[in-house]
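A short reminder: the numbers here are calculations on the coordinates, not readings from a lab. The model shown is predicted, which means the values in this text are computed figures rather than measured ones. Every residue, glycine among them, receives a Cβ derived from its backbone with ideal geometry; neighbour counts consider all protein chains shown.
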Ligand code: SAM
Ligand code: DTB
Ligand code: SF4
């Protein structure tokens, strides 16, 4: 099967609406054709600048305007960040992603300090990722030159549903940043969230946006909404595992070479439910006790799960080696 960037919404909808067992079988088949199914990419997140964000993303515990109890913290010190990255590496993580509750990157001292952190994590031999909000082409280039491997910037939902979730920036803004990241030679990490109150068409629309980018994102995080008290979406219904599996399987079939990440929401999933997600083509997770501000399974718990399922962590920089 060739890699396609010309998927239509109708084709994606047909895949998404395939009877579940058939869908899982198809996704598992595509997974085997394109990837080593025994391997799962293991990533760790760290919130290097927490809370106090100016934006109104309706799902986010870090938006200053919602009363979520998240303490505002200034940018962490490089030494603390590197110590945590080293801990993650020793626990089996190969990718380290630093997140900041910023609308966009500004050309100031804090950006210089993040650049320094990127250099430090790169020197540890980990794939370095950042998620810092909107980026200009020049800022993306600076991050690339410092050794940034990947940049996370989620489209979150469909273009049509976006305004119901975020009003302080546009879908177009998100796509522009993804363009700047790609042009700088950084691997794009972009996905979204289910459970925001979207329709099935919005999920299909989001997958359409991602799979018709000039290149498929290197990784596609699929998050189940973490319902945080104080956010406008706190009372949304819990996402059913079947919806998560359907999203993962469809993403796997239309973006066969991408890392499809079973992201936020794992603390509410049993081991059997997570096994179904891996069966359906997920091959990446976030590990470590915290995502950015909310709980997540810890390193030991995840390594025990891998042992049980016969999975192993994917080595760092494998994508580059495969391309050589
Ligand atoms: N501020 C930057 C931005 O918005 O791009 C970077 C950090 S932001 C927290 C990164 C991503 O985390 C968001 O785009 C969203 O997809 C995800 N996220 C935030 N809160 C979440 C929640 N409650 N449940 C699931 N995913 C969430
Ligand atoms: C992504 O897609 N999910 C991660 C990461 N990229 C940055 C973030 C999930 C955040 C969940 C809410 C929190 O912990 O604050
Ligand atoms: Fe700010 Fe990012 Fe949270 Fe939106 S998702 S409120 S931009 S930290």
(request) Whole Å is fine, so just give me how far the alpha carbon centre of the stretch 271-317 lies from that of the stretch 80-115. (result) 21 Å
(request) Could you tell me, in Å, what Rg and Dmax come out for the Cα atoms of the stretch 82-191? (result) 14.3, 43
(message) Per-residue counts of other Cβ atoms within 10 Å, averaged by peptide: what ranking do you get for 230-236, 255-261, highest first?
(response) 255-261, 230-236
(message) What number do you get for the stretch 9-311 when its Cα radius of gyration is normalised by 2.2 N^0.38 Å, N = residues?
(response) 0.93
